[in-house]
Amino acid sequence: MKKICIVTATRAEYGLLRCLMEDIQLSASLELQLIVTGTHLSPEYGMTVDEITNDGFSIDDKVEIMLSSDSSIGVSKAMGLAQISFAESLERLGPDAVLVLGDRYELLPIALAAVISRIPVIHLNGGELTEGAIDEVIRHALTKLSSLHFTAIEEYRRRVIQMGEHPKTVFNVGEVGLDNLNRISYHNKDDFEISIGSKLSKRNLLVTYHPETTKSLDSNVADFNELLNSLRELLNTLLIFTKSNADVGGKKINNLIDDFVDNHPNAICFNSLGRVRYLSALKYVDAVIGNSSSGIVEAPSFNVASINIGDRQKGRVRAESVIDVSPTQHEIRDALKTVYSTGYSEVLRNVSNPYGQGDSSAQVVKILEDINLGNLTIKSFFDVSFTHA
């Protein structure tokens, strides 16, 4: 049995990994190890570790790395604590490989701890671009620390190879998070309304906004206030907010959300909707608005519009249902007019999601079953030919 240790640090990441975790458990030749860390263990961010246990997964270790500060110093200290703690955790568990997804800062020290212990790192969702977030450089650093790669589209696969990773170790499998769409039991409308404690309105928007971590706090606050001012203008609209991740400046964004909801009769807020409620929401809202990756990756599969604000997701491949706007009140207002225009429903009806059809986890498991993980501990740089310097 090959012991595959999956690390999850946030609600969004767990939602993407869940089906893969299920399929690893069902494999006759793979053993799932699970380490939970980061915001999962924080009441401030919804204590989402409970969702993991309620889904029936056994947790092999819980690693506390969250500090109370969301400043750049606080984040750096949390990363330092993560490397110390994960070195000890990996020593106890002795996995054959460590699997991480995405680009969160918590993952960098985890991968470093694995590399130092000569444990191969498996990375999902490399090769993507998000030019408005510090995650951009962390993702590429994780690629170089990893020995096996699973990307969401072919363009991203080529980019990972361009970074010197051998083509035989880079597999385009689609977005593993889309597997959820074919496996969950969605809430019907009545149950969804009960679950959020509110009736749906004539119009409904799902709002998720994270700081652009390449910008100053003041700039992020100004940008977010442009969004809030746009939302204040809306009539007969239920606004469903989910709070920001534990990025630098995230607490300030969350405080602004709380103030808005306290003073708006048609706004509600959640630390975390959870996987089923969030995906169910995509069946009933008119649009996703903000700068979450879910507006790029998941929303198109529901033929629902996404208003993507600013540069946090800049560089990601997107479907026609994504409307990119600057963080200004008039551009956001114009995008909302487009969403509710008569002709736009035809655009949404014909949307195709470039990230796959929800059959990725089985592909990953088959490759993990067949591959010799022992051959991945030593990497060599793969040179690609290019025509310009």
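The values are calculated or read from the model by the stated rules, or taken from the named source; none is laboratory data. All figures in this text were calculated on a predicted structure; none of them were measured in a lab. Heads up, the Cβs are rebuilt from the backbone with ideal geometry, glycines too, and the neighbour counts pull from every protein chain shown.
Yes or no: the stretch 48-66 includes at least one residue that is free of Cβ contacts under 8 Å to residues at least 24 places away in the same chain, in a loop (DSSP other than H, G, I, E, B), of a type in the set (A, V, I, L, M) and assigned by TED's automatic domain parsing to the domain that holds residue 145.
No - not one qualifying residue is present in the stretch 48-66.
Within the stretch 307-326, the set of residues being surrounded by fewer than 22 Cβ atoms within 10 Å (Cβ to Cβ) and either touching a Cys at 6+ places or on another chain (Cβ under 7 Å) or without any contact (Cβ under 8 Å) to a residue 60 or more places away in the chain (or both) comprises 318, 319, 320, 322, 324, 325, 326.
Of 297, 304, all but one fail to be among the hydrophobic types (A, V, I, L, M, F, W, C), modelled with pLDDT under 95, in the same structural domain as residue 204 (by TED's automatic domain parsing) and surrounded by 19 or more Cβ atoms within 10 Å (Cβ to Cβ); the exception is 297. Filtering the stretch 192-220 to residues that are modelled with pLDDT of 95 or more, within 22 Å of residue 326 (Cβ to Cβ) and out of contact with any Gly (no Cβ under 6 Å at 6 or more places or on another chain) leaves 205, 206. Being within 24 Å of the chain's Cα centre (by Cα) and in a loop (DSSP other than H, G, I, E, B), is that true of even one residue in the stretch 374-384? Within the stretch 374-384, none of the residues are within 24 Å of the chain's Cα centre (by Cα) and in a loop (DSSP other than H, G, I, E, B). For the stretch 282-328, the set of residues classified as part of a loop (DSSP other than H, G, I, E, B), on the phi < 0 side of the Ramachandran plot, small (Gly, Ala, Ser) and touching a Leu at 6+ places or on another chain (Cβ under 7 Å) consists of 321 only. Among the residues making up the stretch 176-219, those that are over 29 Å from residue 235 (Cβ atoms), assigned to a helix (DSSP H, G or I) and polar (S, T, N, Q) are 180, 182, 219.
Restricting the stretch 238-274 to residues that are polar (S, T, N, Q) and under 27 Å from residue 180 (Cβ atoms), which is surrounded by the fewest Cβ atoms within 10 Å (Cβ to Cβ)? Here the residue is 271.
Considering the conditions (1) modelled with pLDDT under 95; (2) closer than 23 Å to residue 356 by Cα; (3) not aromatic (Phe, Trp, Tyr), residue 149 is excluded by exactly one of them, (1).
Within the stretch 320-347, the set of residues being hydrophobic (A, V, I, L, M, F, W, C) and modelled with pLDDT under 95 comprises just one member, 347. Checking the condition touching a residue at least 24 places away in the same chain (Cβ under 8 Å) and either farther than 24 Å from residue 199 by Cβ or of a type in the set (Lys, Arg) (or both), which residue from 276, 351, 304 passes? Every option except 351 fails the conditions. What residue, among those in the stretch 259-280 that are closer than 17 Å to residue 39 by Cβ and either part of a loop (DSSP other than H, G, I, E, B) or modelled with pLDDT of 90 or more (or both), is farthest from the chain's Cα centre (by Cα)? So the residue we want is 269.
What number of residues within the stretch 1-25 are more than 18 Å from residue 38 (Cα to Cα), in contact with a helix residue (DSSP H, G or I) (Cβ under 7 Å, 6 or more places away or on another chain) and outside any helix (DSSP H, G or I)? Qualifying residue count, the stretch 1-25: 2. Taking the options 271, 245, 266, 255, name whichever one is in contact (Cβ under 8 Å) with a residue 24 or more places away in the chain, polar (S, T, N, Q) and over 21 Å from residue 293 (Cβ atoms). Exactly one of 271, 245, 266, 255 is in contact (Cβ under 8 Å) with a residue 24 or more places away in the chain, polar (S, T, N, Q) and over 21 Å from residue 293 (Cβ atoms), namely 266. In the stretch 182-196, how many are surrounded by fewer than 19 Cβ atoms within 10 Å (Cβ to Cβ), of a type outside the set (S, T, N, Q) and closer than 24 Å to residue 359 by Cα? Residues that pass the stated criteria total 3.
Starting from residues that are hydroxyl-bearing (Ser, Thr, Tyr) and in a loop (DSSP other than H, G, I, E, B), keep the ones in the stretch 351-366 and report whichever is farthest from residue 293 (Cα to Cα).
352
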